[in-house]
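In what follows, a structure is listed as structure tokens, so that the remarks can point back to it.
The values are calculated or read from the model by the stated rules, or taken from the named source; none is laboratory data. Values in this document were obtained by computation on a predicted structure and should not be read as measured data. Here the Cβ positions follow ideal geometry from the backbone for every residue, glycine too, while neighbour counts run over all protein chains shown.
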């Protein structure tokens with residue numbers, strides 16, 4: 001009896017194996033042959049798969065939700081295709097990274113193609129705000145061509161020097177060439193695209209910034225004969241802050257800025273903007289380099305307005321390096337309030 005059971009057991013094993021494998025492959029085939037047309041319902045992030053997004057940005061990873069998506073072989077963002085090896089699909093979702101730049105400014109419908117059809121979902125892809133890296137040259141005259149480098153300059157709307165629009169010579173995703181407009185020779189550069197507006201970190205018109213909303217970190221501040229506030233918001237020429245200088249008594253220099261032996265090779269002048277406070281009209285201050293008062297330059301103040309001063313280094317003793325800058329009261333005892341902004345070398 002045992003011998004008969006042993007025979008039947010081993011004789012039937014191949015039959016059972018064949019039936020099992022046939023059932024397994026049949027089940028797999030049934031699971032992967034969903035021949036229904038694709039349906040797209042929403043877009044979510046990868047971390048929150050329950051909350052639908054109204055928009056996304058370039059390079060963002062998203063989840064396209066729907067049904068019958070397992071055989072997806074093409075994902076199209078308004079004409080820009082995702083590489084097939086970067087499409088990760090199952091029956092209810094497709095994981096992809098948003099490409100960029102895209103053809104449309106914001107309206108970028110998503111079209112998914114599977115082995116059994118195609119579906120489109122209306123969606124908005126927002127271009128990131130422009131990123132301004134640097135510009136060259138850092139200073140120049142009206143009409144000169146300036147090259148701005150960075151990223152996300154596509155769908156360019158305008159370039160402004162301060163509030164003055166510049167003429168665009170050429171533009172691409174990473175570079176813009178513009179001409180310096182009249183009145184824009186000492187301004188921040190603003191780039192506006194469909195993704196927003198960004199401001200340059202530095203002011204065009206300076207080769208080296210000493211004060212621009214804050215004192216250059218390579219310099220220290222000291223002084224005597226009055227008080228200073230390097231983060232005043234009372235009267236500002238550009239940006240958010242200026243230096244408030246209140247002179248008390250004669251010959252004081254509350255502004256005494258020291259640096260790290262800045263070589264002057266390549267620079268021709270110091271540029272500084274000063275606003276005269278109440279009662280300052282026709283008073284004088286003196287710009288002095290390296291403590292040499294005899295070779296300093298007197299500046300006449302104008303009450304109630306900003307005045308830009310360009311002082312050639314040749315009139316300031318023509319130093320080979322700058323270690324200190326003073327702005328000394330030079331009206332022999334007048335109590336004077338001024339504001340200083342945009343201090344640097346050109």
| remark: The residue that is surrounded by the fewest Cβ atoms within 10 Å (Cβ to Cβ), considering only those in the range 317-339 that are in contact with a strand residue (DSSP E or B) (Cβ under 8 Å, 6 or more places away or on another chain) and over 17 Å from residue 251 (Cβ atoms), is 320
| query | Within the range 94-176, which strands (runs of 3 or more DSSP E) (wholly inside it) include 2 or more residues that are modelled with pLDDT of 95 or more? | reply | 110-114, 117-121, 131-136, 145-151, 156-161, 167-171
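Quick grid of which residues meet (1) assigned by TED's automatic domain parsing to the domain that holds residue 264; (2) more than 17 Å from residue 237 (Cβ to Cβ); (3) within 39 Å of the chain's Cα centre (by Cα):
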residue: 284; (1), (2), (3): yes, yes, no
residue: 289; (1), (2), (3): yes, yes, yes
residue: 293; (1), (2), (3): yes, yes, no
residue: 301; (1), (2), (3): yes, no, yes
residue: 309; (1), (2), (3): yes, no, yes
residue: 319; (1), (2), (3): yes, yes, yes
residue: 324; (1), (2), (3): yes, yes, yes
residue: 333; (1), (2), (3): yes, yes, no
residue: 340; (1), (2), (3): yes, no, yes
| said: I'm trying to understand the selection: among the residues of the range 102-112, which are surrounded by fewer than 20 Cβ atoms within 10 Å (Cβ to Cβ) and touching a residue at least 60 places away in the same chain (Cβ under 8 Å)? | reply: 105, 106
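Conditions tested, residue by residue: (1) under 30 Å from the mean Cα position of the chain (by Cα); (2) modelled with pLDDT under 95.
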| site | (1), (2) |
| --- | --- |
| 212 | yes, yes |
| 219 | yes, no |
| 232 | yes, no |
| 237 | yes, yes |
| 242 | yes, no |
| 251 | no, yes |
| 254 | no, no |
| 275 | no, no |
| message | Just the residues that are farther than 15 Å from residue 123 by Cβ and assigned to a strand (DSSP E or B), please, taken from the range 75-92. | response | 81, 88, 89
| request: Report yes if some residue within the range 304-316 is in contact with a helix residue (DSSP H, G or I) (Cβ under 7 Å, 6 or more places away or on another chain), free of Cβ contacts under 8 Å to residues at least 60 places away in the same chain and crowded, with 21+ Cβ neighbours inside 10 Å; otherwise report no. | output: yes
| task | Would you mind finding the one in 46, 69 that is surrounded by 20 or more Cβ atoms within 10 Å (Cβ to Cβ), in a loop (DSSP other than H, G, I, E, B) and in contact with a strand residue (DSSP E or B) (Cβ under 9 Å, 6 or more places away or on another chain)? | result | 69
| Going by the structure shown, is residue 170 surrounded by fewer than 17 Cβ atoms within 10 Å (Cβ to Cβ) and not assigned by TED's automatic domain parsing to the domain that holds residue 104? | yes
| said: Are there strands (runs of 3 or more DSSP E) fully within the range 207-263 with at least 3 residues that are surrounded by fewer than 17 Cβ atoms within 10 Å (Cβ to Cβ)? List them. | reply: 220-224, 226-232, 253-263
